[in-house]
1. Taking the Cβ of Arg168 as the centre, find all other residues whose Cβ is under 9 Å away and add up their charges (Lys, Arg: +1; Asp, Glu: -1).
2. Less than 11 Å Cβ to Cβ from Val90, Lys/Arg counted +1 and Asp/Glu -1: what total charge do the surrounding residues give?
3. Divide by every residue of the chain the summed helix terms, -39500 (n - 2.57) for each DSSP H run of at least 4, and state the resulting mean residue ellipticity at 222 nm, rounded to the nearest 500 deg cm²/dmol.
4. Report P(r) for the chain: all Cα-Cα distances, bin width 10 Å, range 0 to the bin holding the largest distance, values in whole percent.
5. If you average the C-alpha positions of region 111-189 and of region 28-71 separately, how far apart do those two centres end up, in angstrom?
6. Ranked from highest to lowest mean number of other Cβ atoms within 10 Å per residue, what is the order of the peptides 61-67, 111-117?
7. What is the angle, in °, between the Cα long axis of helix 8-23 and the longest principal axis of the Cα atoms in the chain? Nearest 10 is fine, range 0 to 90.
8. Kindly express, to the nearest 10 degrees and within the range 0 to 90, the angle between helix 98-109's C-alpha long axis and the longest C-alpha principal axis of the chain.
Amino acid sequence: MARWEPNSRGRLAAAAMELYGERGYEQTTVAEIAERAGLTERTFFRHYVDKREVLFAGAVDVQEVFVRAVADALTCAVPIDALAVGLDAVAAQFADHRDFARSRQAVIMANPELRERDLVKLATMSAALADTLCRHGVAEPAASLAADVGVAVFQVGFGRWIAADEEREMSLLLREALDELKALTAGAG
């Protein structure tokens, strides 16, 4: 095998997703992923800590984009509108990755350990958003409530976006979910 191969990380991710789809997450080994990608196990471990991280490697980037966009928007927007800006930024991260997101979510939903890991990542995102809101003057518990709402809107919009028959853009679906929430809370007076 070659010492260096272009796009090793992407090839490993593609190989892992193929194998997870064919054999299941639990039955797939790192050695099989590396072999399918035409790479070594050592190369795999240069890019990923374990086979689970193939599914969650982008979570930190998504969180950073969400938090940064919310923080920037808070300079001139109320918290709920800042969250909307953050959701738009997150949607842009996913724009060309719907097929991967669908496959990834199917693997996660088929495995309780992975579902738990997904929930931990979402909770971490919520905590980071709450911290950002607090640093911009939003008091508790409002900061935590708003952060949890932002993550819930993301989950609902993301779930709609990856549905088999859905073709609309994620940003539209996230805004739609946020608008539904706003309508619900406005009517709760």
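1. Numbers: positive: Arg160; negative: Glu166, Glu167, Glu169, Glu176.
Local charge sum for Arg168: -3.
2. Values: positive: Arg68; negative: Asp61, Glu64, Asp88.
Surrounding charge for Val90 is -2.
3. On the way: 10 runs with 139 residues, N = 189.
Dividing the helical sum by the residues of the chain leaves -23500 deg cm²/dmol.
4. 9, 32, 31, 19, 8, 1, 0
5. Answer, in whole Å: 23.
6. Details: 61-67: 17.3, 111-117: 13.9.
By packing density, highest mean first, the sequence is 61-67, 111-117.
7. The helix 8-23 is inclined about 90 degrees to the chain.
8. Result, in degrees: 90.
Values quoted throughout were computed directly from the atomic coordinates according to the rules given, and no laboratory measurement underlies them. Please read all numbers here as calculations on a predicted model, not as lab measurements. When we count neighbours, we look across all protein chains shown, and the Cβ atoms used for this are built from the backbone with ideal geometry, even at glycine.
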